[in-house]
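Peer 1: After the structure tokens below, expect a handful of questions from me.
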Amino acid sequence: MTRTLISIIVLLGVLAAGHLLIDEKGYLLIAVNNHTIETSLFALAVIVIFAVLLGALLLSVLGALWRTFARSRGWLKGRKNKRQQHALEAAVWACINDDDAQLQQALSIAELPAQWQDQQRAMAARVALQQQQSAQALAQLQGMSPESQGQVAKLWLQANQGEQALSLLGAQMDEKKVPDNVVASYLDALIQAEQREQALTLIQQRHKQLRWSEARWKKHLNALFALDDSSAQATFNALPKGLRPMAAGALTQQALRQGQFDAVRGDLLKYLKKGQYQQLAEALQYAGSSDPELRKLIQAALHKQPEQPELLFSLACLANAEGEYELAAKIFDTLANSPWQTLWQQQAQRAYAQTGQFDKAYLLATQ
């Protein structure tokens, strides 16, 4: 640009100087309609030079202003990106720590980056559900993309939208390659929707795809058996062989709920003989009826260990099942002197409520 300006100036200077050397300034006449302009070539050269210089100055100023604006815009954009990144990090840590209050605060800092908008809506829906705001949670879920909606089946279920959750997951289950997390979510949805037959079929077909821990399998199998109002043994036999050892506890619990002591008496007696009193107590908390033989054996064991808390609790459960609530309440009064366990809660409330000791039942319910 500088070279061009210098060249123009030199050229115009030569033209003006040439006329001066021959003592002829030159003459220029411009006529447009009724308007005329008369000037010399030297004056024209000076005007052009000033015009070029003024134009170059204006371009330089405009360029400087544009660069300043661009830098400020980039700074603002960078600041916005930093706030979004900070909000994303805070939201992730809040989810890891299962801190819904911190999660809500993180989401209020700024919107997450564009590629995380569905995740932000899912997080906001979770917070809304924790605050019993189902309508707000549903609006957030519906605002997600169809692909992402199928990833939050639990949230749909918590928002009382079981059909929507099963519909979204069912569509993904029809694909050729189904991700492990979709299978897991679909099984969760089926169990929560109390569709036992479909859940059992899914376990039979896809159990190898679910690389779950033993604790997680036990949790889901317990929920599955709780849906069976007929034969717990039939559900147990329908499970793949590799899962049956993990379903033994669930079978015992459901059989006891249904009063089917014959199916699990052997396991209960084994717990008692081996001194596995904790396992015995955990099973008998679900007792829907009593068993004379097992009760006699527990009483005999209590003669040797009269203050053993799990044995006392087991006897109280059988007493509740037989309608002997006074005996059960007296046992729980003695257990109050021991470190109280969450395991005893429900059976104790039942005994106290049936004996008219509502103050004790209320105290347990509000703990």
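Peer 1: Quickly run through the stretch 266-290 and pick out the residues that are hydroxyl-bearing (Ser, Thr, Tyr) and part of a helix (DSSP H, G or I).
Peer 2: Tyr271, Tyr277 - these are the residues of the stretch 266-290 that are hydroxyl-bearing (Ser, Thr, Tyr) and part of a helix (DSSP H, G or I).
Peer 1: Identify all residues within the stretch 162-189 that are open to solvent by less than 30 Å² (accessible area, probe 1.4 Å) and part of a loop (DSSP other than H, G, I, E, B); write none if there are none.
Peer 2: Within the stretch 162-189, Val178 is the sole residue that qualifies.
Peer 1: Do we find a residue being open to solvent by less than 10 Å² (accessible area, probe 1.4 Å) and of a type outside the set (Phe, Trp, Tyr) anywhere in the stretch 304-311?
Peer 2: Yes; the residues of the stretch 304-311 include at least one that is open to solvent by less than 10 Å² (accessible area, probe 1.4 Å) and of a type outside the set (Phe, Trp, Tyr).
Okay, residues lined up against (1) of a type in the set (Gly, Ala, Ser); (2) under 20 Å from the mean Cα position of the chain (by Cα):
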residue: Tyr186; (1), (2): no, yes
residue: Arg206; (1), (2): no, no
residue: Leu210; (1), (2): no, yes
residue: Ala215; (1), (2): yes, no
residue: Leu221; (1), (2): no, no
residue: Gln233; (1), (2): no, no
residue: Ala238; (1), (2): yes, no
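Peer 1: For the stretch 291-367, please list each of the helices (runs of 4 or more DSSP H) lying entirely inside it that holds at least 1 residues being under 39 Å from the mean Cα position of the chain (by Cα).
Peer 2: Counting at least 1 such residues, we get 309-322, 345-354, 358-365.
Peer 1: Follow-up. Please give the number of the condition Arg121 fails out of (1) over 30 Å from Ala232 (Cα atoms); (2) modelled with pLDDT of 80 or more; (3) surrounded by fewer than 18 Cβ atoms within 10 Å (Cβ to Cβ).
Peer 2: (3)
Peer 1: Ok, one more. Just checking, which of Ala199, Ala165 is under 30 Å from Ser231 (Cα atoms) and either touching a Lys or Arg at 6+ places or on another chain (Cβ under 9 Å) or free of Cβ contacts under 8 Å to residues at least 24 places away in the same chain (or both)?
Peer 2: Ala165
Peer 1: Taking the stretch 138-160, which residues are farther than 23 Å from Lys208 by Cβ, among the polar types (S, T, N, Q) and open to solvent by 60 Å² or more (accessible area, probe 1.4 Å)?
Peer 2: Gln142, Gln158, Asn160 - these are the residues of the stretch 138-160 that are farther than 23 Å from Lys208 by Cβ, among the polar types (S, T, N, Q) and open to solvent by 60 Å² or more (accessible area, probe 1.4 Å).
Peer 1: Is at least one residue of the stretch 194-201 hydroxyl-bearing (Ser, Thr, Tyr), in a loop (DSSP other than H, G, I, E, B) and surrounded by 13 or more Cβ atoms within 10 Å (Cβ to Cβ)?
Peer 2: no
Peer 1: Consider Ser290 carefully, then state whether it is hydroxyl-bearing (Ser, Thr, Tyr) and either open to solvent by 80 Å² or more (accessible area, probe 1.4 Å) or under 25 Å from Asn222 (Cβ atoms) (or both).
Peer 2: It is true that Ser290 is hydroxyl-bearing (Ser, Thr, Tyr) and either open to solvent by 80 Å² or more (accessible area, probe 1.4 Å) or under 25 Å from Asn222 (Cβ atoms) (or both).
Peer 1: Something else about it: Out of the residues in the stretch 318-367 meeting the condition of being among the acidic types (Asp, Glu) and closer than 26 Å to Gly259 by Cα, tell me which one is most open to solvent (accessible area, probe 1.4 Å).
Peer 2: Glu326
Peer 1: Count, please, the residues in the stretch 232-258 that happen to be touching a residue at least 24 places away in the same chain (Cβ under 8 Å) and either within 18 Å of Gln204 (Cβ to Cβ) or open to solvent by 70 Å² or more (accessible area, probe 1.4 Å) (or both).
Peer 2: 13
The values are calculated or read from the model by the stated rules, or taken from the named source; none is laboratory data. Remember, it's a predicted structure, so these values are computed and weren't measured experimentally. So basically every Cβ, Gly included, is an ideal-geometry build from the backbone, and we count neighbours across all protein chains shown. Heavy atoms of the whole protein, side chains included, go into the accessibility calculation; ligands, DNA and RNA do not. Shrake-Rupley method; radii C 1.70, N 1.55, O 1.52, S 1.80 Å.
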